[in-house]
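Okay, so here's the structure we're looking at.
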Amino acid sequence: QKINMSQEKELDMTDRDPNQLNAHVKVQFEDVLAEPDGAHSIDCVWRCSYMCFNCGKNCCYKLMTTLCGLFIALYWGCEFAFITFDQVWCITPGLRIFSIYMGCAQKFFGTCVTCFLAPICETCGLMFSNINVKNQ
């Protein structure tokens, strides 16, 4: 089945975490800085702190993603390709062959147990079947 670039899933440029993978990452000003009642800075300091925090966070994040984001995305794409390759071509067939051999081993072991232990258990059963217990 051929897949054209036009058939690929359209990116949602607004919601970039639709599966909530990073819901635990709290990076908003209100998630990081908070003043309790009774300990408030001057309003102008709080407003300026808000603007500095957001400016610093946004500028640094955009700079880091611009410089490193493409390379990191390429790395993780390759890493998940390796994992997929390993699972499809190595691990799953290895598990399948292990399962086949263990099924044979289970039958072999079961047959051996039946051959060796069944006569012993049957003999013990015959010996103990003649025991009578009488309460006086």
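Descriptive notes on the structure:
- Phi-based couplings in Hz for segment 50-67 (Karplus 6.51, -1.76, 1.60; Gly and Pro marked x): 4, 5, 5, 4, 5, 5, x, 4, 5, 5, 5, 4, 5, 5, 5, 5, 5, 6
- Segment 1-107 - percent of accessible surface contributed by carbon and sulfur, probe 1.4 Å: 66 percent
- Per-residue 3J(HN,Hα) values for segment 75-81, derived from phi via the Karplus relation 6.51 cos²θ - 1.76 cosθ + 1.60 with θ = phi - 60°, read 4, 5, x, 5, 4, 6, 5 Hz in sequence order (x marks Gly and Pro).
- Simple spin-label estimate for residue 98 and residue 28 in nanometres, 7 Å along Cα-Cβ: 4.6 nm
- Cα gyration tensor, segment 78-136 - rounded (a/c under 1.5), prolate or oblate: prolate
- With Cα atoms, 0 to 90° folded angle of helix 92-129 axis to the chain main axis: 30 degrees
- For segment 105-136 versus segment 16-59, the gap between their alpha-carbon centres in whole angstrom: 75 Å
- The residues of segment 1-82 expose, per residue, 96 Å² of accessible area to a 1.4 Å probe.
- Cα gyration tensor category, rounded, prolate or oblate, for segment 22-100 with a/c compared to 1.5: oblate
- Distance histogram in 5 Å bins (all Cα pairs of the chain, percent per bin): 2, 6, 6, 8, 10, 8, 7, 6, 6, 5, 5, 5, 5, 5, 5, 4, 4, 3, 2, 1
The values are calculated or read from the model by the stated rules, or taken from the named source; none is laboratory data. Bear in mind the structure is a predicted one, so any value in this text is a computation, not a measurement. Because the Cβ atoms are built from the backbone with ideal geometry, glycine has one as well, and the counts that use them run over all protein chains shown. Each accessible area value is taken on the protein alone, full model and side chains, heavy atoms only, with ligands, DNA and RNA left out. Shrake-Rupley method; radii C 1.70, N 1.55, O 1.52, S 1.80 Å.
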